[in-house]
Amino acid sequence: MVDSRTPVTAALTDRTYEIVLDNGKLLEASPDLAPYEVAGAVLPPLPGGTDGVVRTRTVRLGALPRTPLAQPPEVRNRSSHFAGRTWTVLSATVHRMAPQAAAAYLGGGAATAGHSFTVSVLVPTWEAEQVRSSLDRLLLAGVFAATGFVAVVAWAATGRALRPVERIREGMASVSATELHRRVPIPPDGDEITRLAVTTNRTLDRLEEAVARQQRFVADASHELRSPVANLRTGLEVALAHPDRAPWPEVAQDALANTERLHRLIDDLLVLARLDAAAPAPTSRVDLADAARSEAADRSRPGVRLRYAADGRVPVPVAGDRGQLRRMIRNLLDNAERHARSAIDVRVGADGSGDALLVVQDDGPGIPEPDRQRVFERFTRLDDARARDDGGSGLGLAIVREIAARHGGSVRADTADGGGARLTVRLPLLP
């Protein structure tokens with residue numbers, strides 16, 4: 001250790017100093033440095049035959065006035081060559097110490113205020129490197145241990161977090177075309193994975209419902225197609241079995257009627273298939289009043305009077321596909337003609353809420369209130385035998401509902417003023 005009022009880079013012979021090894025051996029001391037008072041036993045000579053003395057001194061600073069340092073010590077690290085060896089010198093300078101603290105610091109003697117003292121510790125370079133190397137190894141081992149610990153914790157946490165996802169995957173893999181009733185397990189945590197499981201089950205619910213609806217549709221379509229085909233085949237087989245006695249004109253008329261019924265049914269099925277394809281409908285500007293007027297003008301059922309009413313020639317513009325809208329109007333008129341006794345009323349206009357209204361009503365038996373939603377389902381007939389005889393396929397009003405929905409509208413069934421059925425289509429009105 002070196003005590004000096006100036007840095008150790010100056011000549012040691014001009015400064016007060018004392019050099020002591022870390023093992024306690026005194027190498028050299030300034031002649032005017034006051035000797036330490038021995039406060040402990042003198043150690044035996046150091047190994048190797050070199051005499052050395054370890055001296056300790058107890059400095060009682062508690063009795064000294066506590067004068068704070070003007071500046072904190074500044075620690076410096078540098079290399080120096082001394083006594084034939086290379087040392088690592090750690091220096092710290094203490095500025096403006098009080099006289100009492102300076103005297104105690106130097107081990108006796110007088111000192112004046114404002115003195116600066118430099119404390120230098122000389123450490124052999126190889127020992128400093130050894131300490132630094134030991135510290136590096138310790139830090140490296142700590143880094144590897146911390147990295148391994150974090151990796152294990154992350155692996156365990158990730159595995160635990162993804163375990164519900166794996167169960168959801170297994171549940172989805174078990175769903176097949178014949179087992180659409182299966183559902184994935186819902187974790188009780190209430191987190192994002194729980195919401196994923198709930199959404200997955202809702203999607204499976206909709207899928208199961210769509211498949212069930214499609215299966216019912218195929219079964220109903222097969223049944224509807226089988227009836228006219230069976231009638232056509234039966235009539236032709238009977239006529240061919242007795243060709244001499246068969247009324248061929250009547251056979252031909254029956255065959256033509258069944259063929260037309262098949263054509264209408266297939267045409268309705270194709271329309272529903274196109275609507276189910278969910279292709280966006282064209283959004284051209286269509287005058288609903290003009291389309292209804294044109295369809296009503298083509299109707300001429302004997303014994304049934306069709307009246308068309310509109311607000312003069314004022315157009316009722318809507319956005320959509322003209323062909324689909326005319327098909328919707330045609331199906332409404334077909335349904336009214338099938339059930340009307342003597343009159344059909346068609347009205348087109350706009351209401352105060354910004355919607356276009358198309359109303360078709362007849363004076364027939366009407367629709368019972370419990371069946372007013374069911375009539376818009378596919379292959380629904382309230383009077384099955386009469387509807388088949390009249391050529392109805394059970395798809396007309398279902399097509400009306402699909403077309404209205406694709407154009408942003410709706411259709412509703414209620415009772416007309418005269419007691420018949422009234423069907424009202426509501427579509428968004430263009431400005």
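The values are calculated or read from the model by the stated rules, or taken from the named source; none is laboratory data. No experiment lies behind these values; they were computed from the predicted model shown. Because the Cβ atoms are built from the backbone with ideal geometry, glycine has one as well, and the counts that use them run over all protein chains shown.
Counting only residues that are in a helix (DSSP H, G or I) and touching a helix residue (DSSP H, G or I) at 6+ places or on another chain (Cβ under 6 Å), region 222-267 holds 13 of them. Between Arg233, Arg206, Arg226, Arg213, the distinction of being under 30 Å from Val165 (Cβ atoms) and charged (D, E, K, R) belongs to Arg206 only. Tallying residues that are farther than 16 Å from Leu265 by Cβ and touching a Leu at 6+ places or on another chain (Cβ under 8 Å) within region 213-254 yields 3.
Would you confirm, using the coordinates I've provided, whether Asp298 is in the same structural domain as Asp220 (by TED's automatic domain parsing), free of Cβ contacts under 8 Å to residues at least 12 places away in the same chain and of a type in the set (D, E, K, R)? No, not satisfied.
Could you please let me know if Asn201 is outside the structural domain of Arg378 (by TED's automatic domain parsing) and more than 21 Å from the chain's Cα centre (by Cα)? Reasoning before the result, please.
Numbers: outside the structural domain of Arg378 (by TED's automatic domain parsing): yes; more than 21 Å from the chain's Cα centre (by Cα): no.
Judged against the criteria, Asn201 is not a match.
Could you tell me whether any residue of region 132-146 is at pLDDT below 85, surrounded by 12 or more Cβ atoms within 10 Å (Cβ to Cβ) and not assigned by TED's automatic domain parsing to the domain that holds Arg378? For region 132-146, residues at pLDDT below 85, surrounded by 12 or more Cβ atoms within 10 Å (Cβ to Cβ) and not assigned by TED's automatic domain parsing to the domain that holds Arg378: absent.
Remark: Gln373 matches the filter, which requires a residue to be closer than 30 Å to Pro228 by Cα and either surrounded by fewer than 18 Cβ atoms within 10 Å (Cβ to Cβ) or at pLDDT below 90 (or both).
From the list Ala405, Ala336, Ala385, the one residue that fits, being at pLDDT below 85 and assigned to a helix (DSSP H, G or I), is Ala385.
Please determine whether any residue of region 200-220 is of a type in the set (Gly, Ala, Ser) and buried (at least 16 other Cβ atoms within 10 Å of the Cβ). Checked against the condition, which is being of a type in the set (Gly, Ala, Ser) and buried (at least 16 other Cβ atoms within 10 Å of the Cβ), region 200-220 yields no hits at all.
Output the number of residues of region 298-313 satisfying the condition of being surrounded by 10 or more Cβ atoms within 10 Å (Cβ to Cβ), in a loop (DSSP other than H, G, I, E, B) and at pLDDT below 75. Within region 298-313, residues that are surrounded by 10 or more Cβ atoms within 10 Å (Cβ to Cβ), in a loop (DSSP other than H, G, I, E, B) and at pLDDT below 75 number 2.
Criterion first (outside the structural domain of Ile266 (by TED's automatic domain parsing), of a type in the set (Gly, Ala, Ser) and outside any loop (DSSP other than H, G, I, E, B)) does Ala212 satisfy it? Before the answer, list the steps.
Values: outside the structural domain of Ile266 (by TED's automatic domain parsing): no; of a type in the set (Gly, Ala, Ser): yes; outside any loop (DSSP other than H, G, I, E, B): yes.
For Ala212, the condition - outside the structural domain of Ile266 (by TED's automatic domain parsing), of a type in the set (Gly, Ala, Ser) and outside any loop (DSSP other than H, G, I, E, B) - is not met.
Look at (1) over 30 Å from Ala310 (Cβ atoms); (2) in a helix (DSSP H, G or I); (3) at pLDDT 85 or above and you find that Ala273 fails only one, number (3).
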